[in-house]
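To start, the structure itself, in structure tokens.
The values are calculated or read from the model by the stated rules, or taken from the named source; none is laboratory data. The structure displayed is predicted, hence computed values, not measured ones. Glycine also receives a Cβ, built like all others from the backbone with ideal geometry; neighbour counts cover every protein chain displayed. Please note that ligands, DNA and RNA were not included when accessible areas were found on the heavy atoms of the full protein model with its side chains. Shrake-Rupley method; radii C 1.70, N 1.55, O 1.52, S 1.80 Å.
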Amino acid sequence: HERFVTTILQTEVVWAIRGEGGFGVCESNDVELHDGQPASVLLFWSHEGYARRVIDSEFDGHVPEEISLFDFLFRWLPGMAGDGVLAGTNFTGALHGLASDARELQEELMDALPQELAGAYIDRMRAERGE
């Protein structure tokens with residue numbers, strides 16, 4: 001997880017995998033929803049190669065897809081938080097890894113962003129909203 005955070009802040013790129021049925025997702029082994037069902041975990045990586053390892057072992061037919069850090073922070077994570085979906089970071093080919101609350105991950109990333117970049121992202125978000 002720490003490697004995920006450090007790398008995506010440097011590259012400003014997050015990797016996901018997409019197939020015919022949508023983006024790569026698995027069930028949480030640790031978090032259950034109110035109805036007792038496992039929470040869904042959307043999978044993200046800091047390197048394309050990490051995503052490819054999971055495709056080879058668990059997600060045949062998927063392809064890596066690049067997501068900008070801005071979109072990840074201000075589109076993906078807020079949407080996931082609203083849907084109650086967790087964010088899995090740098091999961092292994094055997095689908096082992098840390099699943100984080102999307103809102104908490106967004107806060108962690110914003111706190112770790114260099115101040116100048118955080119300011120630029122916030123300005124961009126406001127401009128897109130017409131503020």
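Could you say whether any residue in region 14-24 is of a type in the set (A, V, I, L, M, F, W, C) and in contact with a Ser or Thr (Cβ under 8 Å, 6 or more places away or on another chain)? Yes, because at least one residue in region 14-24 is of a type in the set (A, V, I, L, M, F, W, C) and in contact with a Ser or Thr (Cβ under 8 Å, 6 or more places away or on another chain).
Among the residues making up region 87-98, those that are of a type outside the set (Phe, Trp, Tyr) and either loosely packed, with under 14 Cβ neighbours inside 10 Å or at pLDDT below 95 (or both) are THR92, GLY93, ALA94, LEU95, HIS96, GLY97, LEU98.
Of the residues making up region 107-129, those that are open to solvent by 40 Å² or more (accessible area, probe 1.4 Å) and modelled with pLDDT of 90 or more number 15. Pairing residues of region 12-32 that are without any contact (Cβ under 8 Å) to a residue 60 or more places away in the chain and within 11 Å of GLY61 (Cβ to Cβ) with residues that are open to solvent by 30 Å² or more (accessible area, probe 1.4 Å) and β-branched (Val, Ile, Thr), at Cβ distances under 9 Å and at least 6 apart in sequence or on separate chains, gives ILE17/VAL63; ARG18/VAL63; GLY19/VAL63. Those residues that are at pLDDT 95 or above, farther than 20 Å from ASP83 by Cα and open to solvent by less than 20 Å² (accessible area, probe 1.4 Å), I need them from region 20-59; list them, please. Once the filter is applied, which keeps residues that are at pLDDT 95 or above, farther than 20 Å from ASP83 by Cα and open to solvent by less than 20 Å² (accessible area, probe 1.4 Å), region 20-59 yields TRP45, SER46. Kindly establish whether PHE70 is within 23 Å of MET125 (Cα to Cα), touching a residue at least 24 places away in the same chain (Cβ under 8 Å) and surrounded by 14 or more Cβ atoms within 10 Å (Cβ to Cβ). The answer is yes for PHE70.
Of all residues in region 56-71, count the ones that are under 16 Å from the mean Cα position of the chain (by Cα) and not hydroxyl-bearing (Ser, Thr, Tyr). Residues meeting the conditions: 8.
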